[in-house]
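Chemist: Handing you this structure, nothing more for now.
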Amino acid sequence: INPKFNECVQSARYDETSGFWRVKTVRGSNKAEFEYICRWLVVATGENAESVVPDIDGLADFGGEVIHASEYKSGEKFKGQNVLVVGCGNSGMEVSLDLANHNASPSMVVRSSVHVLPREVLGKSTFELAVLMMKWLPLWLVDMILLILAWLVLGNIEKYGLKRPLMGPLELKNSKGKTPVLDIGALEKIKSGDIQVVPGIKRFSRGRVELVNGEKLDVDSVVLATGYRSNVPAWLQEGEFFSKNGFPKAPFPNGWKGEGGLYAVGFTRRGLSGASSDAINIAQDIGKAWKQENKQPKKRTIACHRRCISLSQF
């Protein structure tokens, strides 16, 4: 395995004439250009390749610091501040917890319902327990068991402003790609009042935010825990296999193979188990094709060739 660090893909397109993929990249601070000529192309940039920054009314006029959760390092710099955390997924919960631990005053925006599960049950990882149960039980029953365990360990979280979805946590993950929150301590801070749960945002103004319920809060900084998305449409010049949202058009388990040697891994919305399934299928398919093509007499198959593009050529 020969990784190429500090190298960014600019474009990838299939050359019908040669039957190869042409992938152009730039590398390092000098922006040296390279081109890969590939028999197969595996798209593994994932569901969360780039941050999502929503367009919120008045945010440009807010005046304080606004960062995405991907840029967040520590709550130390926010000590003593009123911080608005926009989003209540795993990132939003963990950022809010870290802010509270650094003596900031976080308010977490919760617009929609969310599943909160304990990280461990009786010393066992909740995720590990779910995977184990899925081997023997139907999904709906595993969901029911997880929710009962969550209620026993965490109690009724709805009275703190965290409403659970009607759909179970695993069913929601499989159908909508929405990952349940694994609590690592944020819920206790919510119960104690160290983390405030607030409804959706109506608009920002200078140093303030107005919520949909009419309440106004003084805010020093904003952390946008507003998620991520696929960036495939920005660089892959292809329209048959991938849709405009950057995910394969075919649903799981058939979204791993396209035409002309194109593959996708990590877009199943099923976490590591889905990525593992894709990876095994792809490796076996490429291995089979490689063996078949190299059995042909006097034929040499090129898997991938890399060449430098000199700027003086243009």
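Chemist: If a residue counts only when it is under 25 Å from E128 (Cα atoms), which strands (runs of 3 or more DSSP E) contained entirely in the range 146-214 have at least 3 such residues?
Modeler: 181-183
Chemist: Taking the range 46-102, which residues are of a type in the set (V, I, T), open to solvent by less than 30 Å² (accessible area, probe 1.4 Å) and under 20 Å from V181 (Cα atoms)?
Modeler: Residues satisfying the conditions are V85, V86, V95.
Chemist: Check I190 against each of (1) among the hydrophobic types (A, V, I, L, M, F, W, C); (2) open to solvent by less than 70 Å² (accessible area, probe 1.4 Å); (3) touching a residue at least 12 places away in the same chain (Cβ under 8 Å); (4) over 23 Å from K163 (Cα atoms) and name the one condition it does not meet.
Modeler: (4)
Chemist: Here is a follow-up. For the range 24-84, which fully contained strands (runs of 3 or more DSSP E) count at least 3 residues that are outside the structural domain of A12 (by the TED database)?
Modeler: Here the list reads 65-68.
Chemist: I184 versus (1) at pLDDT 90 or above; (2) crowded, with 16+ Cβ neighbours inside 10 Å: which is the lone unmet condition?
Modeler: Only one criterion is unmet by I184, namely (2).
Chemist: Still on this structure, please answer the following. Among the residues of the range 281-302, which ones are under 37 Å from the mean Cα position of the chain (by Cα), modelled with pLDDT of 70 or more and open to solvent by less than 90 Å² (accessible area, probe 1.4 Å)?
Modeler: Within the range 281-302, N281, I282, A283, D285, I286, G287, A289, E293 qualify.
Chemist: Among the residues of the range 116-153, what is the count of those that are among the charged types (D, E, K, R), closer than 20 Å to M93 by Cβ and touching a residue at least 12 places away in the same chain (Cβ under 8 Å)?
Modeler: The total comes to 1.
Chemist: All but one of (1) in the same structural domain as V23 (by the TED database); (2) among the acidic types (D, E); (3) part of a loop (DSSP other than H, G, I, E, B) hold for D285; which doesn't?
Modeler: The single condition D285 does not satisfy is (3).
Chemist: Step by step: first the residues of the range 231-276, then only those that are crowded, with 21+ Cβ neighbours inside 10 Å and among the hydroxyl-bearing types (S, T, Y), then the one that is modelled with the lowest pLDDT. Which residue is that?
Modeler: Here the residue is T268.
Chemist: On the basis of being modelled with pLDDT under 95 and of a type in the set (D, E, K, R), does E210 make the cut?
Modeler: For E210, the condition - modelled with pLDDT under 95 and of a type in the set (D, E, K, R) - is not met.
Chemist: Looking only at residues that are open to solvent by 90 Å² or more (accessible area, probe 1.4 Å) and modelled with pLDDT of 90 or more in the range 134-147, which one is nearest to D218 (Cα to Cα)?
Modeler: Taking the candidates together, the pick is M144.
Chemist: Can you name the residue in the range 6-39 that is small (G, A, S), under 14 Å from C304 (Cα atoms) and at pLDDT below 95 and, of all such residues, is farthest from the chain's Cα centre (by Cα)?
Modeler: S18
Chemist: In the list L162, L152, L170, L166, which residue meets the criterion of being in contact with a Cys (Cβ under 8 Å, 6 or more places away or on another chain) and at pLDDT below 95?
Modeler: When all the criteria are applied, what remains is L162.
Chemist: I'd like the full set of residues that are at negative phi and of a type in the set (A, V, I, L, M), limited to the range 94-127.
Modeler: Matches in the range 94-127: V95, L97, L99, A100, A104, M108, V109, V110, V114, V116, L117, V121.
Conditions tested, residue by residue: (1) in a loop (DSSP other than H, G, I, E, B); (2) touching a strand residue (DSSP E or B) at 6+ places or on another chain (Cβ under 9 Å).
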site	(1), (2)
P233	no, yes
A250	yes, yes
L272	no, no
A275	no, no
I280	no, no
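Chemist: Test each condition in (1) in a loop (DSSP other than H, G, I, E, B); (2) open to solvent by 50 Å² or more (accessible area, probe 1.4 Å); (3) modelled with pLDDT under 95 for V131 and report the one that comes out false.
Modeler: (1)
The values are calculated or read from the model by the stated rules, or taken from the named source; none is laboratory data. It should be emphasised that the depicted structure is a prediction, and the values quoted were computed from it without experimental measurement. Here the Cβ is made from the backbone with ideal geometry for all residues, glycine too, and neighbour counts use every protein chain on show. Ligands, DNA and RNA are stripped out before the accessible areas are found, and what is left, the full protein with its side chains, is counted by its heavy atoms. Shrake-Rupley method; radii C 1.70, N 1.55, O 1.52, S 1.80 Å.
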